[in-house]
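Notes follow once the structure below has been shown.
All of the numbers you see were taken from the coordinates with simple rules; none came from a lab. Bear in mind the structure is a predicted one, so any value in this text is a computation, not a measurement. As a convention, Cβ positions derive from the backbone with ideal geometry for all residues, glycine included, and neighbour counts pool all protein chains shown.
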Amino acid sequence: MFAALTPQVIRIVKSTAPVLEKHGVKITSHFYKRMLNAHPTLKNIFNSAHQDTGTQQKALAHAVWAYAANIDNLAALGLNVEKEQYAIVGEHLLASIKEVLGEAATPEILDAWAIAYQVLADIFITTEADLTRAAAEGAGGWRGWRSFVVDKKVVESSEITSFYLKPKDGRQLSTFIPGQFISLRHYVPELGVWQPRQYSLSDSPHPECFRISVKREEGGPGGIPAGKVSTRLHEHVQPGSAVQISHPFGDFNLNRNASTPVVLLSGGVGLTPMTSMMNIMFCKSLFDSD
């Protein structure tokens, strides 16, 4: 049974928004450290590079604050975790709020946040279950991770390399909507964990393979580290190498039935979903001209 957002719970959670805006990063930094120390296996699902730079902590802090500020209007909101892991995340998030805020985190506030978190978790779990079910039931679809083999590796520029991926089992490959992305999971020996990354599919749908085009992240000033997964893909993954990927997901796509002109704007490696859209439009124009 889903938890309920009563008017009292909404009022209490909204009242914490200013505190979360001020102390959010401190809370989420404490949360990640606490949770990953208690459950090291969860390091396999969180981006270690974003942990190192603090971007993941800041993103979660903003999300928690936005949830508190918009709890009475969830449509205004815009974790890749499994169903059973939401309880772990909730436990350590609530404990971090209490440990960082101290006496300011009253039992009333913690109880309200426990309900609010469960409501959000229920929404995520239900949505993810619906998406996963639809993906698995479609032709060539699957659940979770599926083994693929690199069929071809093409250097596109000094920074970007494309990888053509075929299902290792040789079975049918599902189609996708141009603009969607896949999650790729690769083992990083120096970290001792699997690391997931998301990549837009960079070509129009093909019956035999997916294509992703990966920018090598070199690192930068201020101690920004080089991308661990992108570096391994560029340097170590070759034709014949195995990778694990998810089913395509995402709602950033083109309305192919529209009759109005289309302008595609992007920057850097952000061109990858645009390339997929452009290629499908080009194919459509060829068929329409026949």
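Couple of notes before you dig in:
- Cα gyration tensor category, rounded, prolate or oblate, for region 40-197 with a/c compared to 1.5: prolate
- Since only Val214, Leu264, Ala87 are under comparison, the one whose Cα sits farthest along the positive direction of the charge dipole of the chain, derived from C-beta charges on Lys, Arg, Asp and Glu, is Val214.
- When the Cα positions of Cys283, His186, Leu254 are compared along the charge dipole of region 146-289, His186 comes out farthest toward the positive end, with charges on each C-beta of Lys, Arg, Asp and Glu.
- Total charge dipole magnitude, the chain, about the Cα centre, Cβ charges on Lys, Arg, Asp, Glu only, Debye to nearest 20: 420 debye
- Backbone HN-Hα couplings from phi across region 243-255 [Karplus 6.51/-1.76/1.60, Hz, Gly and Pro as x]: 9, 10, 9, 8, 5, x, 9, x, 10, 8, 8, 9, 7
- Neighbour cut-off at most 16 other Cβ (10 Å), DSSP loop, GluC sites (Glu not before Pro), region 90-192: Glu156, Glu159, Glu190
- Summing Cβ point charges (Lys, Arg +1; Asp, Glu -1) relative to the Cα centre of region 7-136 gives a dipole of roughly 320 debye.
- Calculated on the alpha-carbon coordinates, the convex hull of the chain measures out at 172 cubic angstrom per residue.
- Amide H contacts under 5 Å for Ile212, placed H, 5+ residues apart: Phe163, Leu165, Ser202
- Here the average projected area of the convex hull drawn through the C-alpha atoms of region 146-289 stands at 10.2 nm².
- Hz values of 3J(HN,Hα) by residue in region 9-26 - Karplus curve (6.51, -1.76, 1.60), Gly and Pro given as x: 4, 4, 4, 5, 5, 4, 5, 8, 4, x, 5, 5, 5, 7, 10, x, 5, 4
- Entries of Lys58/Lys228; Lys83/Lys168; Lys33/Lys215; Lys58/Lys168 with Cα pairs more than 31 Å apart: Lys58/Lys168
- Unit charges at the beta carbon, dipole of region 7-136: most positive-side option, Tyr32, Asn70, His50: His50
- Phi angles across region 143-153 convert, under the Karplus curve 6.51 cos²θ - 1.76 cosθ + 1.60 with θ = phi - 60°, into 3J(HN,Hα) values of 10, x, 8, 10, 7, 10, 10, 6, 7, 8, 10 Hz, Gly and Pro given as x.
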